[in-house]
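Notes for the one structure printed next.
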Amino acid sequence: MYDLAALEKELAGTIFAGKLHFSSVTGSTNTDALAAARLGAPHGSVFFTDEQTAGRGRGDHRWRSVAGEGLYVSVLLRPDIVPAYLPMIPLVTGLAAAWAIGSAGLSVDIRWPNDLLIGDRKTGGILVESKTDANAAALVVIGIGINVHQREFEADLSTSATSLDIESGRTISRQALLIALLESLQRETWGLYDAAVVAAIPARVALESTWLWNRQVEVHGPQSCVGITAGLDGNGFLRVRTDHGIVTVQTGGIRAAETE
């Protein structure tokens, strides 16, 4: 269980101070954050739980959220940034999560746009949902799920799974991980107000990912294709070299292509 008083103390001086909302069980922290946003919840509100009964991943995939075993958190932001920078939010969230997991002594491979892997096994995922108006991002909800204490996983997962405890051989503190994640997320999202920092994001992600260059992949989504990854463009979109030329993938997901 989390120590809420200690969390507030550790997060004093951040945009999250005084805005922590914990529930022992909920359907989905992203759903909670979106509902609170409609009621006027402020920038920096955090919604986290011990257990989700209807956790969601990208593409409406179910995110299994066993009680007390993972980090399940959503952050509500109202960033005053230009809409063109919105595609960078999943990328900087991946960087923040990689840094937080790194603080526990583990290295993460970011599989564009939202998967956190250790080796070839998935340990976390990101779901960003945004509502925009004509001029700027009205609100963004960043959902992050990380397997921390899990020892058993469902057999039918599209990517085999692991947890931080399994990979580290010790018990990782969810509380310390949450603090590291939120502090890093604040640093990363502040960078979205600086054009020079934004321009460097694709290269920074490439340093944390083995998937962005020279990987044979299948793209799932509206721009379905098979090809070899050729980095990110300036907007954070994935370039894939196919038999018919370069495809710039704006949304969807990737998996290793099956070879004959």
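Here the alpha carbons of segment 147-260 define both size measures, Rg and Dmax, at 17.4, 48 Å.
Of all lysines in the structure, those lying under 28 Å Cα to Cα from residue 9, and not within fewer than 8 positions of it along the same chain, are 19. Let me know the shape class of segment 1-146, please: from the alpha-carbon gyration tensor, a ≥ b ≥ c as square roots of the eigenvalues, rounded when a/c is under 1.5, otherwise prolate if a/b is greater than b/c, or oblate. It is rounded, given that a/c, with a ≥ b ≥ c, falls under 1.5.
Under 8 Å for C-alpha pairs, at least 6 residues apart: give me the relative contact order for the chain, rounded to a whole percent. Numbers along the way, then the final one.
Values: 527 pairs, mean separation 42.6, N = 260.
Reported as a whole number, the value is 16 percent.
Start at zero, step by 5 Å, and the Cα-Cα distances of the chain spread as 1, 6, 13, 18, 20, 18, 13, 7, 3, 1, 0, 0 percent across the bins. Accessible surface for residue 51 stands near 60 Å², nearest 10, in the context of the full protein assembly shown (1.4 Å probe). Candidates 190, 219, 97 compared by Cα position along the dipole of the chain: farthest toward the positive end lies 190, with charges placed on Cβ. Peptides 197-209, 68-80, ordered by how many other C-beta atoms sit within 10 Å of their residues on average, highest first, read 68-80, 197-209.
The values are calculated or read from the model by the stated rules, or taken from the named source; none is laboratory data. Bear in mind that the values here come from a model prediction, so they are computed numbers and not experimental data. Here Cβ is always computed from backbone atoms with ideal geometry, including for glycine, and neighbour counts include all displayed protein chains. To get the accessible areas, we keep the full protein, side chains included, count just its heavy atoms, and leave off ligands, DNA and RNA. Shrake-Rupley method; radii C 1.70, N 1.55, O 1.52, S 1.80 Å.
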